[in-house]
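Report on one structure; see the data block that follows.
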Amino acid sequence: MARKILCVAEKPAIARAVATHMSGGSFQTHSVRGNQYVKNYEFEFNFGAPWGSCSVTMTSVIGHLTGLDFERQYRGWQSCPPGALFEAPVKEEVDEKKMPIAENIRNQARYSKALFIWTDCDREGEHIGTEVRTQAMSGNARIEVRRAKFSNTERAHVLRAAREPITLDEFQANAVAARIELDLRIGAAFTRLQTLQLQQVAEILKEKVISYGSCQFPTLGFVVDRYLRVQNFKPETFWGIKVMLQREGIKVNFLWRRVHLFDRAAVTMMLERCLSAKQAKVTKVNQKPKSKWRPLPLTTVDLQMMGSRYLRMDSQKVMKVAEALYTKGFISYPRTETDQFDKAIDLKKLVEKQYPDGRWGQYARELLDGKFRTPRSGRHNDQAHPPIHPVSWVNPSQLNSDEKKVYEFVARRFLACCSEDAKGQGTDIEIQYGEEMFHASGLIVLERNYLDVYVYDKWESSQNLPNFEKGERFEPTEANIFEGKTTAPGYLTEPELIGLMDANGIGTDATMAEHIAKIKEREYVVVNERGSGRSKVSELIPTKLGTALVEGYDNVVADLPNSISLSKPFLRKEMELRMLEICAGSKTRQEVVQQSLDMYREVFIHTQRRIAMLKTACRKYLVPE
DNA sequence: GCAAGGTC
């Protein structure tokens, strides 16, 4: 009998795609008792030396198999002081719902010579791989374990991954294990402490869970930070000089190089000097081609930001809709950090699939008639998923209105990536007037190219500039002083928040939207709709509770030399750096867990000692006088 | 009743 090899992917869709390539399209599908999504695919495959031709069962898990929790006697909120959770024993157990999946792996492993792990090639994937290995080995202790290294599900790439397996990266798996333990201990300890303490302070907190998490709190911190900047904003008056020339029936406005100053007397004096010079001199006339670059291939973070901005959906909604489109086979996997297309992907074939569309089908045809350009490459590659792109065309009548909007965006974005940049002719004119420099610029859009399909970008020709020659002199039609006031920044919008989280390493592409949803659910922030119609913006405003928590924690650590407030992203960032050290092999999991726990324990003890400050902040905002 | 991370 042929040797048997068990393959396990991170999710059903990958199992199916890999099985399709390895089997050349002919495999048997068996359902798995107890789970409707996971399937076992059986087929023959020649792995080459040393395995040779084998019968294969390809199956999957659905993300992590296990979860970490405290031992039973520590799960009650009154069972121990919250601080004890820094040391309380924890155990990893297969989730109740994942039991049938784990059992399937144990059963399949029993008759298998080897286990090939096909989880995503990222940190979480390595950890999920160890969970799969544990199950397989408990079914068959002698099973040999390998790992397939792949970054997309293109056929040749998959086949090579099957024939050139590597080993699991224990360092990366350990880094995730450390993250899991830290998130649990720190999250639970602070959540219980602040919930139990603050519930006593105000009537409206009585039944509330006041959660703390290393991601949700910095997310809240960003919202409060902006809110306070808006509240504390004091407008300042500034003055500037504007110069206008009327020529060939066109009014040309020249902008001051200094933009504006906050000293009226100084500006007045500068203007006087200009006026007494009478004539201005053209110091530069620059004609140069300008281009507006087509967008980069689409990542999750970008999809969420663009979704909030142009599709009027919050980030969680966009992701839900994108997942539905993915599950139905219309777009590629929507969780990716990759903004470069692999060379192996046949992009033209994907463009061709858009031919039937009434809105951009013609544009797609023109691309393949010679206008096609290889997409730009960004600098990110998660080695697991390609940029988000349409994989098949769908008739809009088959989609609901949100799905239509997201699919349209993904399709237009993809076609834009495969297009030429927009081209234009720019003119910059610089003049010297007295001692001061001014400039005017014009733009003529010559070729719209990608703009024709990517309706979300705007790039318009400006008013035509009249002719100027370098060295010529003219007397301006007008030269005036103008007055203005600095304006407050707006409240934080969701796309801005996602940008901040991304830049500060708070959450992952897949979880950022969840953290924002979490702080809404906890009533730390609310969404305020301002304006109407096209100019409508959704602003995030902290509630009194959200403001009180941030203020309270800031006060608690205000006079500590090294403690950084929990509302800031730095602690999480530090944890991230330590995880990278585990990945590099320079620190062990145990060292990192101990170090990080020590750091957070210090803040915890301090918070406990000064719990009155947290309570005072809550009372200040939440208890009526 | 707590976290964050996978995925459905």
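The values are calculated or read from the model by the stated rules, or taken from the named source; none is laboratory data. Because the structure is predicted, anything quoted here is derived from the model rather than measured. Because the Cβ atoms are built from the backbone with ideal geometry, glycine has one as well, and the counts that use them run over all protein chains shown. For the accessible areas, the whole protein counts, side chains as well, though only heavy atoms, and no ligand, DNA or RNA atoms are used. Shrake-Rupley method; radii C 1.70, N 1.55, O 1.52, S 1.80 Å.
Provide A:Ile481, A:Ile128, A:Ile250 ordered by accessible surface of protein heavy atoms (probe 1.4 Å), highest first. Show your work: numbers first, answer last.
Numbers: A:Ile481 55, A:Ile128 5, A:Ile250 30 Å².
If we order A:Ile481, A:Ile128, A:Ile250 from most to least accessible, we get A:Ile481, A:Ile250, A:Ile128.
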task = Would you mind checking which residues have amide H under 5 Å from A:Phe47's amide H? H placed 1.01 Å from N; only 5 or more apart, or other chain.
result = A:Gly52, A:Ser53, A:Cys54
request  = With only Lys, Arg, Asp and Glu charged, each at its Cβ (+1 for the first two, -1 for the last two), find how big the charge dipole of chain A is about the Cα centre; round to the nearest 20 debye.
outcome  = 640
query = Do the sum for chain A: with -39,500 (n - 2.57) for every DSSP H run of n ≥ 4, divided by all residues, what is the mean residue ellipticity at 222 nm, to the nearest 500 deg cm²/dmol?
reply = -12500 deg cm²/dmol
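So, with +1 on the Cβ of K and R and -1 on the Cβ of D and E, and no other charges, what is the size of the charge dipole of region A:190-322 about its Cα centre, to the nearest 20 debye?
My answer is approximately 880 debye.
Any chance you could run the full-extension gain for A:Asn480 through A:Asp559? It's 0.36 nm times the residue separation minus the Cα-Cα distance, nm to one decimal. Provide the component values of the computation, followed by the final result.
Working: separation 79, 0.36 × 79 = 28.44 nm, distance 5.06 nm.
Extending this stretch completely gives an extra 23.4 nm.
Grab the Cα-Cα distance for A:Tyr355 and A:Ala503, subtract it from 0.36 nm times how many residues apart they are, and report the gain in nm with one decimal. Each step should come with its number before you reach the end.
On the way: separation 148, 0.36 × 148 = 53.28 nm, distance 3.77 nm.
Length difference between fully extended and current span is 49.5 nm.
Taking all protein chains in place and a 1.4 Å probe, what share, in percent, of the accessible surface of region A:3-168 do carbon and sulfur account for? Before the final figure, lay out each step's value.
Details: 3650 of 7640 Å².
The nonpolar share, carbon plus sulfur, comes to 48 percent.
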request  = Just list whichever of A:Lys4/A:Lys97; A:Lys371/A:Lys405; A:Lys11/A:Lys328; A:Lys520/A:Lys615 have alpha carbons separated by over 20 Å in the model shown.
outcome  = A:Lys4/A:Lys97; A:Lys371/A:Lys405; A:Lys520/A:Lys615
Hits among lysines - C-alpha to C-alpha of A:Lys470 under 29 Å, sequence gap 8 or more where chains match = A:Lys242, A:Lys251, A:Lys278, A:Lys281, A:Lys284, A:Lys288, A:Lys290, A:Lys292, A:Lys423
request  = Quick one: which residues, 5+ away or cross-chain, put their amide H under 5 Å from the amide H of A:Ser60? H built at 1.01 Å from N.
outcome  = A:Ala9, A:Lys39
task = State to the nearest 20 debye the size of the charge dipole of region A:3-168 about its Cα centre, where the only charges are +1 on K and R beta carbons and -1 on D and E beta carbons.
result = 620
key: Karplus-derived 3J(HN,Hα), 6.51/-1.76/1.60, for each residue of region A:77-91, Hz, glycine and proline x   = 5, 9, 5, 7, x, x, x, 5, 5, 5, 10, 3, x, 10, 9
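For A:Leu446 and A:Asp225, what is the calculated FRET efficiency with R₀ set at 45 Å and r taken between the beta-carbons, to the nearest 0.05? If you can, show how the numbers build up before the last one.
Numbers: r = 43 Å, r/R0 = 0.96.
E(calc), rounded to 0.05, equals 0.55.
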key: region A:123-132 - phi-based ³J(HN,Hα) in whole Hz, Karplus 6.51/-1.76/1.60, Gly and Pro as x   = 4, 4, x, 4, 5, 4, x, 5, 5, 5
task = Taking H placed 1.01 Å from N in the peptide plane, check which residues at least 5 places from A:Arg294 or on another chain put their amide H under 5 Å from its amide H.
result = A:Asp421, A:Ala422
remark   = Judged on accessible area alone, 1.4 Å probe, highest first, A:Thr616, A:Thr327 line up as A:Thr327, A:Thr616
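Compute the signed sum of charges (Lys and Arg +1, Asp and Glu -1) over the other residues within less than 9 Å, Cβ to Cβ, of A:Leu545. Please report the intermediate quantities before stating the final value.
Numbers: positive: A:Lys208, A:Arg522, A:Lys544; negative: A:Glu523.
Taking every other residue near A:Leu545 into account, the sum is +2.
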message = Just to verify a number: FRET efficiency for A:Ser55 and A:Glu602, C-beta to C-beta distance, R0 = 51 Å, to 0.05?
response = 0.35
